[in-house]
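A.B. asks: I have a structure here, written as structure tokens, and I will follow up with some questions on it.
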Amino acid sequence: MTDEQIDHHEHIRAEEHARRFTEVYGHAPDGVWRAPGRVNLIGEHTDYNDGFVLPFAIDRTAMVAVRLRRAAEPDHETVELASTYAPEGERLSRARFTVPGLTPGAVGDWGAYPAGVVHALGTLDGVEVPGFELLLDSTVPVGAGLSSSHAVEVATIVALNDLLGLGFDAPAMARLTQRAENEFVGAPTGIMDQSASLMGRAGSALFLDCRSLESELVPLPVAEHGLRVLVIDTKVAHSHADGGYAARRTACERAAAALGVASLRDIPADADLAALDQEVARRVRHVLSENRRVLQAVQLLRDGDVAGVGGLLTASHASLREDYEVSCPELNLAVDTALAAGALGARMTGGGFGGSAIALVPADREEQVRNAVLRGFGSLKTPDIFTVLPADGAQRL
């Protein structure tokens, strides 16, 4: 679809979502907001090391309809959540909590994401969050490494920022949703996913310095160059809250301390890593080389060489597979098969241990690559394969 078609579709979806909210809660919402998932083109596991990343917001979004409770209402400090993500045979999944005394662990499953935002806002002086009603619907695949959880958090904070007149800019909201992830959900994620969801723009990737939060929109006109970004969701679920992700982050922190720097961002590319044990040295080597690849990709895009990014994607995957060790057999199969079938480049995207791979593919080879990947998976769980376009970030509809 074109950008105009995507926007039209989202507005129709928002109208339907508002009607559904009215059916669920008995009155209309105060508004409807959306926030996209993201694909990280390149720059994996560099964000929490104060490095560089190059994600883009995608045309799959989390949508929330929200109504603030009025002070005179019963249960005016209560938050009621409902989601179209529901167990089989049930119409909606629900969660409920009160704002005063909200603590980490009090709300589980998908409800932890909006609850985490409420908790993060509640840590700020002068910010009082009333109770509210929220209905969630999302087209971002869950567990695919496309940042479905951050999309929910961003949609929630953008809605509350608007309704409460808080005046936070995008970097501030990115920091708050990162706090929600780290302190409430318990996932030690960096700042990239929220930033892409908040600041992405159609036709562009977001070049982000994760230390300063300075950003630049870099042209990513894939369709105009006769290219497609193909997402291959392996259906191997992953979770940032598990031990593998946390272990990689801890290794990076240990390495920075051993080398006497605040973060791996401060280590020169030719640093002597001999003092580190071999496993930790490999982790550091990935981060250093990945930062270089991001800078090279940005320059290629500035120069209009979109196809030239392909080789960097493939090099990134090799580094994630060998040095950072966050790939898995299904991701490797998706990448190798796509490359053999004519992709210009391919790599796993997201935190790893499952999720999705992306492939940069000439439009006239798209079906060839799709079919090859499906054949390659054979009797394994059939992957979900779809294209994505760089899309606009979070907004009210």
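The values are calculated or read from the model by the stated rules, or taken from the named source; none is laboratory data. None of the values given here were measured: they were computed from a predicted structure. As a convention, Cβ positions derive from the backbone with ideal geometry for all residues, glycine included, and neighbour counts pool all protein chains shown. We work out accessible area using only protein heavy atoms, side chains counted, and drop any ligands, DNA or RNA first. Shrake-Rupley method; radii C 1.70, N 1.55, O 1.52, S 1.80 Å.
A.B. asks: What's the angle, to the nearest 10 degrees (0 to 90), between helix 170-179's Cα axis and the longest principal axis of the chain?
C.D. replies: Taking the Cα atoms of the chain, the angle to 170-179 is about 90 degrees.
A.B. asks: Follow-up. Could you give the accessible area per residue of the chain, probe 1.4 Å, as a whole number in Å²?
C.D. replies: Per-residue value: 39 Å².
A.B. asks: Then there's this: Normalised by the number of residues in the stretch 276-339, what is the relative contact order in percent for Cα pairs under 8 Å and 6+ residues apart?
C.D. replies: The normalised contact order for the stretch 276-339 reaches 36 percent.
A.B. asks: Also: Treat each spin label as a single point 7 Å out from the Cα along the C-beta direction, and report the Arg302 to Glu325 distance in nm.
C.D. replies: A separation of 3.7 nm, rounded to one decimal place.
A.B. asks: Assign unit charges at the C-beta atoms only (+1 for Lys and Arg, -1 for Asp and Glu), then state the dipole size of the stretch 321-397 relative to its Cα centre in Debye, rounded to the nearest 20.
C.D. replies: The dipole of the stretch 321-397 has a size of about 180 debye.
A.B. asks: Right, next: Roughly how many nanometres apart are two label points built 7 Å out from the Cα toward the Cβ at Gln368 and Asp125?
C.D. replies: Placing both labels 7 Å beyond Cα along the Cβ direction yields 6.3 nm.
A.B. asks: Charges at C-beta only: +1 for Lys and Arg, -1 for Asp and Glu. How large is the resulting dipole of the chain about its Cα centre, in Debye rounded to 20?
C.D. replies: 480
A.B. asks: Ok, one more. For a quick check: with amide H placed at 1.01 Å from N, whose amide H comes under 5 Å from Val53's, ignoring anything fewer than 5 positions away on the same chain?
C.D. replies: Hits under the 5 Å cutoff: Leu208, Cys210.
A.B. asks: Which shape class, rounded, prolate or oblate, goes with the stretch 227-367 when its Cα gyration tensor gives a ≥ b ≥ c as root eigenvalues, a/c under 1.5 marks rounded, and past that a/b bigger than b/c marks prolate?
C.D. replies: Here the stretch 227-367 falls in the oblate category.
A.B. asks: Ok, one more. According to the square roots a ≥ b ≥ c of the eigenvalues of the Cα gyration tensor, what is the shape class of the stretch 143-201, taking rounded for a/c under 1.5, prolate for a/b larger than b/c otherwise, and oblate for the remainder?
C.D. replies: Cα axes put the stretch 143-201 in the prolate bin.
A.B. asks: Hey, could you pull the Cα Rg and Dmax for the stretch 138-277, both in Å?
C.D. replies: Cα radius of gyration and Dmax of the stretch 138-277 are 17.6, 54 Å respectively.
A.B. asks: Continuing with the same structure: In the chain, if the dipole is taken from +1 on Lys/Arg beta carbons and -1 on Asp/Glu beta carbons about the Cα centre, which of Ala258, Ala95, Phe168 is farthest to the positive end?
C.D. replies: Ala258
A.B. asks: Taking the Cα atoms only, what angle lies between the long axis of helix 112-122 and the longest principal axis of the chain, rounded to 10 degrees?
C.D. replies: For helix 112-122, the angle is close to 70 degrees.
A.B. asks: Sticking with this structure for a sec: Using a 1.4 Å probe on the protein chains only, how many percent of the accessible area of the stretch 218-371 belongs to carbon and sulfur?
C.D. replies: The nonpolar share, carbon plus sulfur, comes to 50 percent.
A.B. asks: Treating the beta-carbon of each Lys and Arg as +1 and of each Asp and Glu as -1, no other charges, what is the dipole magnitude of the stretch 1-84 about its Cα centre, to the nearest 20 debye?
C.D. replies: 200
A.B. asks: Please identify every one of the trypsin sites (Lys or Arg not before Pro) in the stretch 74-154 that sits in a loop by DSSP and has no more than 11 other beta carbons within 10 Å of its own beta carbon.
C.D. replies: Taking the stretch 74-154 and a limit of 11 other Cβ atoms within 10 Å, the loop trypsin sites (Lys or Arg not before Pro) found are Arg91.
A.B. asks: What whole number of Å gives the distance from the Cα centroid of the stretch 292-335 to the Cα centroid of the stretch 19-62?
C.D. replies: Each part reduced to its Cα centre gives a spacing of 23 Å.
A.B. asks: When the accessible area of the stretch 1-89 is computed with all protein chains present and a 1.4 Å probe, what percentage of it is carbon and sulfur?
C.D. replies: 49
A.B. asks: Quick check: net charge around Gln178, other residues with Cβ under 12 Å of its Cβ, Lys/Arg +1 and Asp/Glu -1?
C.D. replies: -3
A.B. asks: Each residue of the stretch 252-267 in turn: what ³J(HN,Hα) in whole Hz from Karplus with 6.51, -1.76, 1.60 and θ = phi - 60°, glycine and Pro shown as x?
C.D. replies: 5, 5, 5, 5, 4, 5, 5, 8, x, 10, 6, 7, 5, 4, 8, 8
A.B. asks: For the stretch 349-358, in order, what is each residue's ³J(HN,Hα) by Karplus, 6.51 cos²θ - 1.76 cosθ + 1.60 with θ = phi - 60°, in whole Hz (x at glycine and Pro)?
C.D. replies: Values per residue, Gly and Pro as x: 10, x, x, x, 6, x, x, 10, 10, 10 Hz.
A.B. asks: To the nearest 10 degrees, how steeply does helix 366-377 sit against the main Cα axis of the chain, on a 0 to 90 scale?
C.D. replies: 90
A.B. asks: Quickly work out the Val261-to-Arg91 label distance, labels modelled 7 Å from Cα along the C-beta direction, and quote it in nm with one decimal.
C.D. replies: Between Arg91 and Val261, the label points sit 5.7 nm apart.
A.B. asks: Would you indicate which of (1) 21.6; (2) 19.7; (3) 23.6 is the value of mean projected area of the Cα convex hull in nm² derived from the coordinates of this structure?
C.D. replies: Working out mean projected area of the Cα convex hull in nm² from the coordinates points to (2).
A.B. asks: Averaging the inverse of every distinct alpha carbon separation and then flipping it gives the Kirkwood radius. What is it for the stretch 1-60, in angstrom units?
C.D. replies: Value: 14.2 Å, from the Cα pair sum.
A.B. asks: At a Förster radius of 45 Å, what calculated FRET efficiency corresponds to the Cβ-Cβ distance of Asp30 and Glu224, to the nearest 0.05?
C.D. replies: FRET efficiency, Asp30 to Glu224: 0.70.
A.B. asks: For every helix of n ≥ 4 consecutive DSSP H residues, a contribution of -39,500 (n - 2.57) applies; sum these over the chain, divide by its total residues, and give [θ] at 222 nm rounded to the nearest 500 deg cm²/dmol.
C.D. replies: -12000 deg cm²/dmol
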